[in-house]
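The values are calculated or read from the model by the stated rules, or taken from the named source; none is laboratory data. What you see is a predicted model, and the numbers here were worked out from it, not measured in a lab. Heads up, the Cβs are rebuilt from the backbone with ideal geometry, glycines too, and the neighbour counts pull from every protein chain shown.
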């Protein structure tokens with residue numbers, strides 16, 4: 001049912017691009033596909049998926065009458081009815097785009113930090129640590145040096161301040177190990193069928209990561225902040241920093257200062273726009289692009305778009321699409 005649920009928006013979806021998205025491919029075309037079809041949260045959530053297994057699932061859904069196939073695939077009324085008949089897990093806080101690359105490291109740091117603090121408060125030194133790799137132990141040591149003397153109380157207050165749904169808070173809390181307490185495993189807490197058990201598991205962790213990223217818990221953010229930022233395109237973030245310092249710089253100037261191709265800068269700006277981190281929106285260009293569109297911007301293929309602009313046509317066209325989609329959804 002998971003694959004079928006990805007079609008519930010009733011958009012026409014290309015199976016090959018959907019497969020690449022689930023595997024975690026981060027080319028601009030895959031990211032744009034995910035963005036416009038509301039599927040970016042599922043980026044990289046099935047890294048072990050093979051093309052044969054995926055296509056077999058798609059073919060089965062077609063044979064069952066749940067998907068219709070033309071040049072791409074679209075859910076049928078029977079498929080929608082099948083989804084409505086199922087009580088599927090809610091994945092409203094899943095964010096594979098931001099966290100898939102850093103989720104395991106972030107989770108392990110948080111679990112380990114709680115164990116170390118808990119055992120230390122009870123002056124217990126003879127315990128089996130969750131982590132023995134220097135990669136994690138050194139990060140915890142460095143972090144503890146920054147924690148003030150009243151750190152345990154402050155950390156308790158920070159954990160208490162996180163507004164999680166009761167069900168999420170309970171499932172996350174039960175995973176932590178500490179003094180005379182052993183955390184439960186994913187299999188114990190999420191007894192769902194594949195891949196729902198893994199998706200629900202990371203859905204809850206991603207919500208925690210999102211709350212920590214809001215900078216209201218400085219001690220916890222000091223532990224995992226850098227890790228969580230690593231989930232995003234670091235080169236793109238460097239372009240953003242440069243753009244903030246030089247907001248009037250041209251694409252050519254940005255490319256020269258970053259020592260990358262202009263096409264790379266354009267890709268960065270499009271990705272920043274998808275994240276709502278682009279600091280400028282040249283309204284006159286957008287208005288001109290939208291005015292020439294004969295269809296809703298989301299449905300418009302670039303090849304159908306007639307323009308008189310220079311080689312950056314595609315860039316402005318995509319920016320206009322992103323801007324319009326953001327305006328349509330910002331009140332939802």
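Quick look at the values:
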quantity	calculated
Only one of 171, 212 that is closer than 27 Å to residue 48 by Cβ, free of Cβ contacts under 8 Å to residues at least 60 places away in the same chain, surrounded by 17 or more Cβ atoms within 10 Å (Cβ to Cβ) and assigned by TED's automatic domain parsing to the domain that holds residue 115	171
Test result for residue 206, assigned by TED's automatic domain parsing to the domain that holds residue 223 and surrounded by 17 or more Cβ atoms within 10 Å (Cβ to Cβ)	yes
Selection count where residues are surrounded by 12 or more Cβ atoms within 10 Å (Cβ to Cβ), over 20 Å from residue 16 (Cβ atoms) and out of contact with any helix residue (DSSP H, G or I) (no Cβ under 7 Å at 6 or more places or on another chain), scope region 57-80	4
The lone exception for residue 7 - which of (1) outside any helix (DSSP H, G or I); (2) in contact with a helix residue (DSSP H, G or I) (Cβ under 9 Å, 6 or more places away or on another chain); (3) surrounded by fewer than 18 Cβ atoms within 10 Å (Cβ to Cβ) it fails	(3)
Test: residue 237 is buried (at least 18 other Cβ atoms within 10 Å of the Cβ) and assigned to a helix (DSSP H, G or I)	no
Residue 255 vs. criteria part of a helix (DSSP H, G or I), without any contact (Cβ under 8 Å) to a residue 24 or more places away in the chain and touching a helix residue (DSSP H, G or I) at 6+ places or on another chain (Cβ under 6 Å)	yes
